[in-house]
Amino acid sequence: MAQAHVANPAPTVDARTAGQRLVNQWLAHVHTAHERGQPVAYIFVMGNAVEILRSFGFELVFPEINSLQTGVRKMAPDFLAKAEDYGFSPDVCSYVKADVGLMLSDMQHPSGTRIPKPDIAIASSLCNVYIKWAEIWERHFGTPAFVLDIPGKRFATWRPLPGTAQYDADTRWVEGQLRDLIAQCERITGTKFDPDRLAEVESNVNEMIRLWVEILQLNQRRPAPYNSMLDGLTYIGVLNAWRGTPEGVEYMRLLRDEVAGKLARGEGRVAEERFRLIFSGTPCYVNMRRLVELFESHGGVFAASDYLTYAAGGLDSSGLFYDPSRPLESLAEVTTLASQLGLSNHFFSHQTLAQQVKEYGADGIVYHGIKSCRTVATSMADNREYVTSRYGLPTLYIESDLIDPRYWSDAQIKNRVDAFFEVLEQRALVKGGD
Amino acid sequence: MLYVAGVDVGSTQAKAVVLDDEGRMVGEAILDVEMNMGTAAQQVFEKVVANANLTPDEIAFTVATGYGRYRVTFGDLQVTEISCHARGATAEFPRTRTVLDIGGQDTKAIRIGEAGEVVDFAMNDKCAAGTGRFLGAASFALELPLSELGPLALKATAPVKITTTCTVFAESEIIGHLAKGHRPEDVLAGMHYSIATRCASLVRRVGLTPEITFTGGVSRNAAMVSLLHKVLDTPLNVSAQGHFMGAIGAALYALDHARAGTRHAAALAEEVAP
């Protein structure tokens, strides 16, 4: 029998609405996790073994996202002040300080969510602040912190690749730790580890990453359908919060279709795309809209960014996929490889950047240094020197912070951005005259 | 005869020049910027036009530069001081490949390409150490006018080492050194050295390529010129008009537009007005 005709099909939901819905849904789940008897894990966006936690049914809290959200919602100063009044130096990572401010505010987040305390926190060696931060939770909440030691950064000139004895040793080292984590999760949840469930989560991640790579590649075409440092930040939020879930896969598919549709219709992010740029570094969440506006007023669009390239879990755009037929071993391998190439490894990021310059047809690169994180800016000098001397590509270095508005000077930033576009214009004239 | 103006409204001073159609300077003016950048811009423009024995109507095109460039409501176009200093420096010293501009609160190192275009630039960020403001702190602490700092520093025999990089704390460090019995010229030499090393670092960041041209108000300071020569190990071009280099560059951009027949922004606005 033929299916009944649907007279009034539900209107198609756009990716922005769907993304917002998913973020709200995730926050609501977090808010009620303990009431529903669901365990809670605090995790970072890089090197977090989220697939294992997801397989055990943990509700996931990303303290970095909590902190950046205080910036997006223009509430960061209140939380930063609480931490500084308590005695934290203004130089300490503003994400950490906003989180300490949250702890001192009885975990009442400006989103309206009361963040539950963790049953376990996972820190990794991918950022040197993560471990100290997790120790604060351990002391504050009296709950365990698990440190995942990922040997991503081994030498400045060489990294162990598959097929080498060092790589085998590294992955075994990570796998052993994942087994310890599983044992700890079993104790906390009272449930036995289910490798099939892990494989299912990994299959979902694989599909999300496949679509994510496609979405990133669609922005290689002109005009770029989205700005990787504005629209892209919403995309990556959903990618993190719903990683490994059917909802996450569905969202990525919707997003891919939407971006492809814009491309097919020739709808660019900016009305007249004049310069295609790459953004390197972490965003200034408190002023990102303003920063993007400064660039877009000159017809400059961030077609790509290493923030989206390295995305969740370390590196999601390089074609690293799980093998769900051997879920745990595969998780160890991908985690190790992703970490080697992730943001923490500043000795190789220039190669990825140089590749992106070609793929995205970039006219310039913008580096954003973070005042409260010197680590993330350490590689920028070398990186800049490389792309400038090797490719003669104009670059701009600007500095502010992740969420601390005290480090944002609008006149200074505007001056630099205006001058950068004058450089791009002059370069185009000189090249045109050759 | 065609005349154009360049107005450079900086953080501490507003400078303006008028050029004729041969690019010769026929007027210059300078004023301290106080509360209102827009007023300072208007006043310095009126002054430079008067100094050139002209009326504002005779100025065919005006380019504004400096932090206050958007406050120059009578300007036809805004160009950043990075491009303007580069333009001014290469006009006077065509072999310039690096420009160092030390201004009131900004120091800029600019790399110039073969065609005279800006290739790269670096500026001080979030901190006024290594800028003219650092000398302002010394001027205040020593109760000496800015113009006397350089000549006095050149008389130093045992320069002290200034350790602070904070412009605010520099003042108390100066007072501390004086209290310990150091001579003002030795303290001043230390201050100059501190600025020179920070500026040299900025220059190296864009890649020091001779010739290097030193612009901005601090280029009038002989001690700074001498110390920069020493720390960069290369001589620096210094123009007698170095203080006006931003305004000169702006006026040269104005001349391009005037020659190309670009219309006044005000005239265009009148035309499109309903």
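The values are calculated or read from the model by the stated rules, or taken from the named source; none is laboratory data. Predicted model only: the values in this text are computed from it and were never measured. Positions of Cβ are backbone-derived with ideal geometry, glycine not excepted, and every protein chain shown enters the neighbour counts.
Give the residue that is surrounded by the fewest Cβ atoms within 10 Å (Cβ to Cβ), with candidates limited to residues of the stretch A:299-329 that are among the small types (Gly, Ala, Ser) and at pLDDT 85 or above.
For the stretch A:299-329, the residue satisfying everything is A:SER325.
Just give me the residues in the stretch B:1-20 being more than 19 Å from the chain's Cα centre (by Cα) and at pLDDT below 95, in sequence order.
If the condition is that a residue be more than 19 Å from the chain's Cα centre (by Cα) and at pLDDT below 95, then B:MET1, B:LEU2 are the ones that fit.
Taking B:THR157, is it farther than 17 Å from B:THR12 by Cβ, out of contact with any Cys (no Cβ under 7 Å at 6 or more places or on another chain) and touching a residue at least 12 places away in the same chain (Cβ under 8 Å)?
yes
Restricting to the stretch A:249-258, what's the tally of residues that are in contact with an Asp or Glu (Cβ under 9 Å, 6 or more places away or on another chain) and touching a residue at least 60 places away in the same chain (Cβ under 8 Å)?
2
With respect to A:ARG416, determine if the residue is in contact with a strand residue (DSSP E or B) (Cβ under 6 Å, 6 or more places away or on another chain) and modelled with pLDDT of 90 or more.
Judged against the criteria, A:ARG416 is a match.
Could you grab me the full set of residues in the stretch B:202-241 that are surrounded by fewer than 21 Cβ atoms within 10 Å (Cβ to Cβ), small (Gly, Ala, Ser) and within 18 Å of B:ILE82 (Cβ to Cβ)?
Once the filter is applied, which keeps residues that are surrounded by fewer than 21 Cβ atoms within 10 Å (Cβ to Cβ), small (Gly, Ala, Ser) and within 18 Å of B:ILE82 (Cβ to Cβ), the stretch B:202-241 yields B:GLY207, B:SER239.
Just need a number here: residues in the stretch A:389-403 that are out of contact with any strand residue (DSSP E or B) (no Cβ under 9 Å at 6 or more places or on another chain) and either buried (at least 20 other Cβ atoms within 10 Å of the Cβ) or closer than 17 Å to A:PHE302 by Cα (or both).
1
Step by step: first the residues of the stretch B:1-59, then only those that are of a type in the set (Ser, Thr, Tyr) and either assigned to a helix (DSSP H, G or I) or free of Cβ contacts under 8 Å to residues at least 60 places away in the same chain (or both), then the one that is surrounded by the most Cβ atoms within 10 Å (Cβ to Cβ). Which residue is that?
B:TYR3
crowded, with 23+ Cβ neighbours inside 10 Å and outside any loop (DSSP other than H, G, I, E, B), is that true of A:ASP85?
no
Are any residues in the stretch B:75-124 among the small types (Gly, Ala, Ser), more than 8 Å from chain A (Cβ to nearest Cβ) and out of contact with any strand residue (DSSP E or B) (no Cβ under 8 Å at 6 or more places or on another chain), and if so, which ones?
Scanning the stretch B:75-124 gives B:ALA91, B:GLY103, B:GLY116.
Among (1) hydrophobic (A, V, I, L, M, F, W, C); (2) under 30 Å from A:ARG73 (Cβ atoms); (3) within 10 Å of chain B (Cβ to nearest Cβ), which single condition is A:MET380 missing?
Among (1) hydrophobic (A, V, I, L, M, F, W, C); (2) under 30 Å from A:ARG73 (Cβ atoms); (3) within 10 Å of chain B (Cβ to nearest Cβ), A:MET380 violates only (3).
Can you tell me which residues in the stretch B:18-44 are of a type in the set (A, V, I, L, M, F, W, C) and over 16 Å from B:MET245 (Cα atoms)?
B:VAL33, B:MET35, B:MET37, B:ALA40, B:ALA41
I'd like the full set of residues that are outside any helix (DSSP H, G or I) and hydroxyl-bearing (Ser, Thr, Tyr), limited to the stretch B:158-180.
Hits for the stretch B:158-180 are B:THR163, B:THR164, B:THR165.
Would you confirm whether or not the stretch B:46-64 contains a residue that is under 26 Å from A:LEU429 (Cβ atoms), among the hydroxyl-bearing types (Ser, Thr, Tyr) and within 10 Å of chain A (Cβ to nearest Cβ)?
Scanning the stretch B:46-64 turns up no residue that is under 26 Å from A:LEU429 (Cβ atoms), among the hydroxyl-bearing types (Ser, Thr, Tyr) and within 10 Å of chain A (Cβ to nearest Cβ).
Is there a residue in the stretch B:156-165 that is under 30 Å from A:ARG406 (Cα atoms) and buried (at least 20 other Cβ atoms within 10 Å of the Cβ)?
Among the residues of the stretch B:156-165, at least one is under 30 Å from A:ARG406 (Cα atoms) and buried (at least 20 other Cβ atoms within 10 Å of the Cβ), which makes the answer yes.
From (1) touching a strand residue (DSSP E or B) at 6+ places or on another chain (Cβ under 9 Å); (2) part of a loop (DSSP other than H, G, I, E, B); (3) within 14 Å of chain A (Cβ to nearest Cβ), pick out the condition that doesn't hold for B:GLY130.
The single condition B:GLY130 does not satisfy is (3).
Pull out all pairs, ordered by first then second residue, where Cβ-Cβ is under 9 Å, the residues are six or more apart or on different chains, the first lies in the stretch A:407-434 and is more than 7 Å from chain B (Cβ to nearest Cβ) and farther than 18 Å from A:GLY361 by Cα, and the second is surrounded by fewer than 21 Cβ atoms within 10 Å (Cβ to Cβ) and of a type in the set (Gly, Ala, Ser).
Close Cβ pairs (under 9 Å, with a partner that is surrounded by fewer than 21 Cβ atoms within 10 Å (Cβ to Cβ) and of a type in the set (Gly, Ala, Ser)) amount to A:VAL417/A:SER297; A:GLY433/B:ALA115.
Please count how many residues of the stretch B:60-75 are touching a residue at least 24 places away in the same chain (Cβ under 8 Å) and surrounded by fewer than 24 Cβ atoms within 10 Å (Cβ to Cβ).
6
Any residue at all in the stretch B:143-151 that's more than 23 Å from the chain's Cα centre (by Cα) and either assigned to a helix (DSSP H, G or I) or of a type in the set (A, V, I, L, M, F, W, C) (or both)?
No: the stretch B:143-151 contains no residue that is more than 23 Å from the chain's Cα centre (by Cα) and either assigned to a helix (DSSP H, G or I) or of a type in the set (A, V, I, L, M, F, W, C) (or both).
Within the stretch A:327-410, which helices (runs of 4 or more DSSP H) (wholly inside it) include 3 or more residues that are within 17 Å of A:SER305 (Cβ to Cβ)?
A:349-359, A:380-391
Quick one: B:GLY75 ticks every box in (1) outside any helix (DSSP H, G or I); (2) within 30 Å of B:PRO235 (Cα to Cα); (3) over 14 Å from the mean Cα position of the chain (by Cα); (4) small (Gly, Ala, Ser) bar one, so which box is it?
(2)
Being more than 14 Å from chain A (Cβ to nearest Cβ), buried (at least 19 other Cβ atoms within 10 Å of the Cβ) and polar (S, T, N, Q) is the requirement here; does B:SER172 meet it?
no
So A:GLY364 passes all but one of these: (1) of a type outside the set (S, T, N, Q); (2) away from every other protein chain (no Cβ under 12 Å); (3) within 13 Å of B:ASP120 (Cβ to Cβ). Which condition number does it fail?
The one condition A:GLY364 does not meet is (2).
Out of A:ALA332, A:ALA428, which single residue is over 30 Å from A:LYS97 (Cβ atoms) and either surrounded by fewer than 21 Cβ atoms within 10 Å (Cβ to Cβ) or acidic (Asp, Glu) (or both)?
A:ALA428
Of the conditions (1) of a type in the set (Lys, Arg); (2) surrounded by fewer than 18 Cβ atoms within 10 Å (Cβ to Cβ); (3) closer than 27 Å to A:ALA377 by Cα, A:LYS117 fails just one. Which one is it?
Every condition holds for A:LYS117 apart from (3).
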